[in-house]
1. Identify all residues within the stretch 5-24 that are open to solvent by 70 Å² or more (accessible area, probe 1.4 Å) and over 14 Å from the mean Cα position of the chain (by Cα); write none if there are none.
2. Mind checking which residues of the stretch 51-67 are of a type outside the set (D, E, K, R) and buried (at least 18 other Cβ atoms within 10 Å of the Cβ)?
3. What do you reckon, is TRP36 at pLDDT 95 or above and open to solvent by 60 Å² or more (accessible area, probe 1.4 Å)?
4. Output the residues belonging to the stretch 102-121 that are surrounded by 15 or more Cβ atoms within 10 Å (Cβ to Cβ) and part of a loop (DSSP other than H, G, I, E, B).
5. What is the one condition in (1) basic (Lys, Arg); (2) closer than 19 Å to GLN113 by Cα; (3) touching a Ser or Thr at 6+ places or on another chain (Cβ under 8 Å) that ARG38 does not satisfy?
6. Is there a residue in the stretch 81-91 that is surrounded by fewer than 18 Cβ atoms within 10 Å (Cβ to Cβ) and assigned to a strand (DSSP E or B)?
7. Among the listed residues SER68, SER30, SER60, identify the single one that is of a type outside the set (Phe, Trp, Tyr) and assigned to a helix (DSSP H, G or I).
8. When you look at ARG31, is it basic (Lys, Arg) and farther than 19 Å from ARG19 by Cα, yes or no?
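The values are calculated or read from the model by the stated rules, or taken from the named source; none is laboratory data. What you see is a predicted model; the values in this text were computed from it and never measured. Methodologically, a virtual Cβ is constructed for each residue, glycine included, from the backbone with ideal geometry; neighbour enumeration extends over all protein chains shown. We work out accessible area using only protein heavy atoms, side chains counted, and drop any ligands, DNA or RNA first. Shrake-Rupley method; radii C 1.70, N 1.55, O 1.52, S 1.80 Å.
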Amino acid sequence: QVQLVESGGGLVQAGDSLRLSCVASEGTFSRYRMGWFRQAPGKEREFVAAISWITDYADSVKGRVTISRDNAKNTVYLEMNSLKSEDTAVYYCAAAAYGSRGSRVGQYDYWGQGTQVTVSS
């Protein structure tokens, strides 16, 4: 069982930057594909970015968001720049035991509790 704990969310203004972090309890962290998803009120959870030995991004954030990982710290990061009001959501970290790529919720095995990001315009 992998436990994931997100941090770094908060209230920011449009145009600001924010870095989210997710720490995993699993010692074999480097073997997992890690992803970030977000869910806005009344909407379905949607893919933001993922990283294994390759990275993938949703079209809606491409160019503004960077996902990275530090395997020595069991941590994955999501750097977000030029934030917009439509980026407001709860951001979730997720881990997948198999596969190098995946953008669907069902492709991930473990989830964190989420961290709220609110962007005021």
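1. Within the stretch 5-24, LEU11, GLN13 qualify.
2. Result: ILE51, SER52, TYR57, VAL61, VAL65, ILE67.
3. Working: at pLDDT 95 or above: yes; open to solvent by 60 Å² or more (accessible area, probe 1.4 Å): no.
So TRP36 fails the test.
4. GLY102, SER103, TYR108, GLY112, GLY114
5. Condition not satisfied by ARG38: (3).
6. Filtering the stretch 81-91 down to residues surrounded by fewer than 18 Cβ atoms within 10 Å (Cβ to Cβ) leaves 81-82, 84-86.
Okay, now just the ones that are also assigned to a strand (DSSP E or B), so none.
No, because not a single residue in the stretch 81-91 is surrounded by fewer than 18 Cβ atoms within 10 Å (Cβ to Cβ) and assigned to a strand (DSSP E or B).
7. Details: SER68 fails: assigned to a helix (DSSP H, G or I); SER60 fails: assigned to a helix (DSSP H, G or I).
Checking each option against the conditions leaves just SER30.
8. Values: basic (Lys, Arg): yes; farther than 19 Å from ARG19 by Cα: yes.
For ARG31, the condition - basic (Lys, Arg) and farther than 19 Å from ARG19 by Cα - is met.
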